[in-house]
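S.K.: Structure incoming, see below.
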Amino acid sequence: MQLTKEQRIFIVVNLSDRNSFQHVQELFQERFPERNSPSKVTIWKNVRKYKTEGTSLNLNKGRSSRKSTERAPKNVEIVHQALLVNPDISSRKNGLGKSKSIFNRIVKLELKWHPYKMHVRHKLLDTDLPRRLNFAQWFLKKMIDLLNTL
């Protein structure tokens, strides 16, 4: 079981004050009776990590996973150029040799684009303008009323 942040700080502070592994173990047992005291190696590793890294906290986040090659800048640029040429590319049949999931990850996470499909319902006519204006004015009035109630 990993040491908590409080326990790691306790070890670093007390070893720097006392310079005795055994004394730090005894103090640790008094302070954290529910937990076995750490070994000399664990104490030394925490202090060494503090001296080299500036922290004794767990630094595995972002370091331990495998490197992503599919979302490399080269691939992001290929997808970006393809979408600029033809924005109607299907993620399943993208023609770039990329899987659907990789293509979607690049589009959403790297390019920050959100796919949508446009649906054209009917051609707008001149007679639609008054109805659209009435709706816009009604909606604006509702938003103003809502803001005034807040």
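The values are calculated or read from the model by the stated rules, or taken from the named source; none is laboratory data. The structure presented is a predicted model; accordingly, all values stated were derived computationally and were not measured. Here Cβ is always computed from backbone atoms with ideal geometry, including for glycine, and neighbour counts include all displayed protein chains. Only protein heavy atoms, including side chains, enter the accessible area calculation; ligands, DNA and RNA are left aside. Shrake-Rupley method; radii C 1.70, N 1.55, O 1.52, S 1.80 Å.
S.K.: I need a count of the residues in region 91-131 that are part of a loop (DSSP other than H, G, I, E, B), among the polar types (S, T, N, Q) and at pLDDT 85 or above.
M.R.: Going through region 91-131 one residue at a time, the tally reaches 2.
S.K.: Quick test of your reading of the structure: Pro115 fulfils all but one of (1) open to solvent by less than 100 Å² (accessible area, probe 1.4 Å); (2) closer than 19 Å to Glu70 by Cα; (3) of a type outside the set (Phe, Trp, Tyr). Name the failing condition by number.
M.R.: (2) is the only condition that Pro115 fails.
S.K.: A further question on this structure: Given the criterion open to solvent by 100 Å² or more (accessible area, probe 1.4 Å) and of a type in the set (Val, Ile, Thr), identify the matching residue among Val85, Val41, Val47.
M.R.: Going through Val85, Val41, Val47 in turn, the sole match is Val85.
S.K.: Under the condition of being modelled with pLDDT under 85, of a type outside the set (D, E, K, R) and surrounded by fewer than 17 Cβ atoms within 10 Å (Cβ to Cβ), which residue from region 14-36 is farthest from Tyr50 (Cα to Cα)?
M.R.: Ser20
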